[in-house]
Each structure stands twice: as structure tokens, then as C-alpha cells.
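Scroll down for the structure; my scribbles are underneath it.
Since every read-out is calculated from the coordinates, none of them should be taken as a lab result. None of the values given here were measured: they were computed from a predicted structure. FYI the Cβ positions are ideal-geometry reconstructions off the backbone, even for glycines, and counts take in every protein chain you see.
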Amino acid sequence: MPTSADPAALPYADGDFYAFEQLLSGKERDRLAEVRDFLAREVRPIAVDCWNRGEFPMDLVPKLAALDLVSPVRRQGYSNLFAGILHAEVTRADASIATFMGVHDGLFTGSIEALASPEQQDAWLPDIYSLKKIGAFGLTEPLGGSDVAGGTRTTARKDGANWVLNGAKRWIGNATFSDWVVIYARDVADNQVKGFLVDTALPGVTTTRIDNKLSLRTVQNADILLQDVLVPDFFKLAGANSFRDVNKVLKVTRLAVAWQAVGLQLAAFDVARRYAVERRQFGRPLASFQLIQDQLVRILGNAVSSMGMMVRLSQLEDEGMARDEQSALGKAFATARMRESVALGRSILGGNGIVTDFEMAKIFADAEAIYSYEGTAEINTLVTGRAITGISAIV
Ligand SMILES: Cc1cc2nc3c(=O)[nH]c(=O)nc-3n(C[C@H](O)[C@H](O)[C@H](O)COP(=O)(O)OP(=O)(O)OC[C@H]3O[C@@H](n4cnc5c(N)ncnc54)[C@H](O)[C@@H]3O)c2cc1C
């Protein structure tokens, strides 16, 4: 019976079964290798410990800043395909660090890049790109999740040279330590959702950490209370004047979250395959049993089919042709496959699959948050259903 001592030496060790990475330019592949090396040295070794303690590694921030990861497409001229594969790789090392970056880069920086005026961008973006200022994205509310588009309860009232914000936000990633948070609030004058760059140190802003999470424990999510917060008019995002504008940001970040689902499946594949080759039962490696090979191949098939879909979607985004419902289907499909993949991976590790020491339990649990945020599976399914039938079943 042939066995392999070193699974990393096998062909397909990187899980890229159809060589999608070859679609990247040489410069992009070099950059990917540089980031992979960083993740292996600086992120993966600390990821389980941070997760167990539920603490964000603040000393990683200057290192991420030195790596210059923020805004690879708009600022650095890389393709959306590269940005997607890169985000999957960060997730593969640790979904919490990927979520930190997804919030700061995709949601927060994406809001400023898409919706701020050139003057506002000049004033804010340099510190945002260099991670001197860390950002958060405040859309969800205690009473407004899936229906937040039409149901934003946080209010904004123009008062002379200021806006006055009142309300509450929930689940806001990075907000316990971020310098800024973009708050989306309903203008009482015209009932439209508008965006504001809010300094978290302003009087009236209170952030409270959400404790006892079973998923993405390293990410610091917060409840935010806004009580008569005075925001100078310059900090109202010039181009954020209705929920349609917010959707411009979410369309791109939904794509990034679907790439997270690819990355987490590759992580499950990495850990399960290595374990199956190394662990012996009945005098032979687990990987020698046909039922275990079937489970590994199902994880790989799920990961590769999700990746294929995301590769094409990112190419469409590069061509300026990706549509909301295509992002929605990608997110719904890839996260459903992810849930199956991480459950298979957990099963392959047996009892060791439920302790984080073997990494798989963290991967398994992290999938749950990714399944729900950035539009739940149900909502993304209904967005797609509306597109193919012309009938909305959301309400
Ligand atoms: C770890 C984490 C990080 C997050 N980070 C942020 C952040 O940084 N900023 C931010 O603004 N938000 C953030 N969120 C919020 C996230 O986007 C919401 O959790 C998500 O949109 C779902 O809203 P909800 O949790 O209120 O669920 P609900 O909307 O209450 O939904 C509950 C269930 O009902 C289903 N449902 C709702 N409506 C329908 C319908 N019409 N038809 C069928 N089923 C329906 C949903 O699919 C879901 O299964 C985060 C969430 C998590 C868990």
C-alpha cells in the first residue's frame, strides 16, 4: 500500500487543483507568494491562541501596515481576481485576520473610496491606507439586520454646520479599537440613508464589546450607542445619499466574503488531508480508507467549484460587468459548500476535530459567522431568486 510521508510534497498540495493562480500576472503571483510567506510566519502561528483568548493581536497591525495590503485594486492597480485569491489566502491562514482586513479594507475603505468626495479622500485616505487610522463599518442595528436597507432606525438630523446622530448599531467589527467608523443613518429630512465618518472618540459614542462568541473570536465586534453625536458637515460622505449608494460597497464586499468561503474550505482541506495522512488507525493511515478519501475529495470538489465560480465572478468585476445577483449567488453557493466542507473536515479529525489545538475546530466554528454576515444565505438566495423570476420573495 503506497503512503506519502510528507503531504506537502504531493502534487496539488496547495489545493489549486485547476491551476487558477496561473490566471494571475507574474507580478501578482510574486506578491501572492510574499503575502503567503508573511501569513505562514506571522499569522498562522498565533491564530489559535488569539482565537482561544478572544483577543485581537494589536502588535500585528504595524506588520500588516508594512506589508501594504490595503486597497490592492483601486490604489495598487491589481486585478479583482488577485484581490480575491489574496483574501482567500489570508482566510486560509486565519478567518479572523481576514475579517479584520475585510472590515477595514473592503467595508470601511471601500465606503470612503466609493462614496467620499475627492477632498474628503485626500484628507482621510493616506492614514487609512497606512493603517495609521483603523476603520469600522456601522450598518447593522439591534433591530435591523437583513431588513436594514428599508429599516435603518439610526437617525441623522442636520443642525447648522453639524449633523446630529442618534441610535444604535450592532455587530460592528473592529469598533472596540477603531479610530473611525462609517455610520449609516436615516436623514429625518428626506428619509434617505446617508453615510458619516464618525470619530469613535467623539462625545456620545459608546462601544461595548460583544462577548461569548463561538465564531471569529479574534475579531472584536461591538455594540455602538450614538447619543446626540455632533458630526461636522465635512464628515458626511458626499456620495452616500441613499441605500443604493451603500449597495455599491456591499456588492464588492459580498464578493470578498465569498472568497473567504473559498479560503476556509482550503484551510479545511489542508488540515484534514495532513491529519488523514499522518493519523493511523487499524495499523494504517486514515487516508488509506476509501470513505476517508471520499470525504477529502468532497472537500476538494466543494472548494474548487466555489473557486471556479469566484474566479469568473472576479473576472466579470474586472470587466465592470458583475451584477449584484451574481455576487449574491456566489456568496450563497460558496458558503453552503463551505459549511459542508468544514463539517467533513471536522469529522475526519474525529474527537480531535472539536478542540482548537488541531485548528479544525476553529475553522469549523468560523464558518458560521461567514455563513451569516454580508447577507445571509437566505437573503442572497432570495436576491438571486428575484433576478431569475422577476418576483421578490424577500417581503
Ligand atoms: C461576526 C459578525 C460580524 C459582523 N460584522 C458586521 C460589521 O462589521 N458591520 C455591520 O454593519 N454588520 C456586521 N454584521 C452583521 C451581519 O451583516 C448581520 O448579522 C446579517 O446581515 C444578518 O442580520 P441579523 O443577524 O440581524 O439576522 P436577521 O436579519 O434577524 O435574520 C435571522 C434569520 O432570518 C432569516 N431571514 C430574515 N429575513 C428573511 C426573509 N425575508 N426570508 C427568509 N429568511 C429571512 C435570515 O436569513 C436569518 O437566517 C456582522 C455579523 C457577524 C455575525
Which of MET307, MET58, MET360 moves most in a GNM of the chain, Cα contacts under 10 Å? MET58
Using alpha carbons only, how many degrees (0 to 90, rounded to 10) separate the axis of helix 26-38 from the longest principal axis of the chain? 80 degrees
Could you work out which residue, out of LEU197, LEU382, LEU67, moves most in a Gaussian network model of the chain, that is, has the largest mean-square fluctuation with Cα springs under 10 Å? LEU67
Tell me which of LEU344, VAL311, ALA328 sits at the most positive position along the dipole axis of region 244-389, charges placed on C-beta atoms (Lys, Arg +1; Asp, Glu -1). LEU344
Give the distance, in whole Å, between the Cα centre of region 4-71 and the Cα centre of region 356-382. 20 Å
Note down the relative contact order for the chain as a percent, whole number, built from C-alpha pairs under 8 angstrom at least six residues apart. 18 percent
May I ask for the angle, rounded to the nearest 10°, between helix 377-389 and the longest principal axis of the chain, with both axes built from Cα atoms and the value confined to 0 to 90°? 80 degrees
Mind listing the phi-derived Karplus ³J(HN,Hα) values for region 200-207, rounded to whole Hz, using 6.51, -1.76 and 1.60 with θ = phi - 60°, and x for any glycine or proline? 5, 8, 5, x, x, 9, 10, 10
Most mobile of ASP179, ASP233, ASP30 in a GNM of the chain (Cα contacts under 10 Å): ASP30
Can you bin every Cα-Cα distance in the chain into 10 Å intervals starting at zero and give me the percent of pairs per bin, rounded to whole numbers? 5, 23, 32, 25, 11, 3, 1, 0
For region 253-304 and region 152-180, write down the distance between their C-alpha centroids in whole Å. 42 Å
Enumerate the calculated ³J(HN,Hα) couplings along region 134-147 in order (Karplus 6.51 cos²θ - 1.76 cosθ + 1.60, θ = phi - 60°), each rounded to whole Hz, writing x wherever the residue is Gly or Pro. 9, x, 9, 10, x, 10, 5, 10, x, 10, x, x, 4, 9
Taking Cα pairs under 8 Å and at least six residues apart, what relative contact order does region 70-183 come out at, in percent? 25 percent
By average C-beta atoms within 10 angstrom, highest first, the peptides 219-225, 331-337: 331-337, 219-225
How high is the relative contact order of region 17-129, in percent, counting Cα pairs under 8 Å that sit 6 or more residues apart? 29 percent
Tell me the angle of helix 80-93 to the major Cα principal axis of the chain, expressed in degrees between 0 and 90 and rounded to the nearest ten. 70 degrees
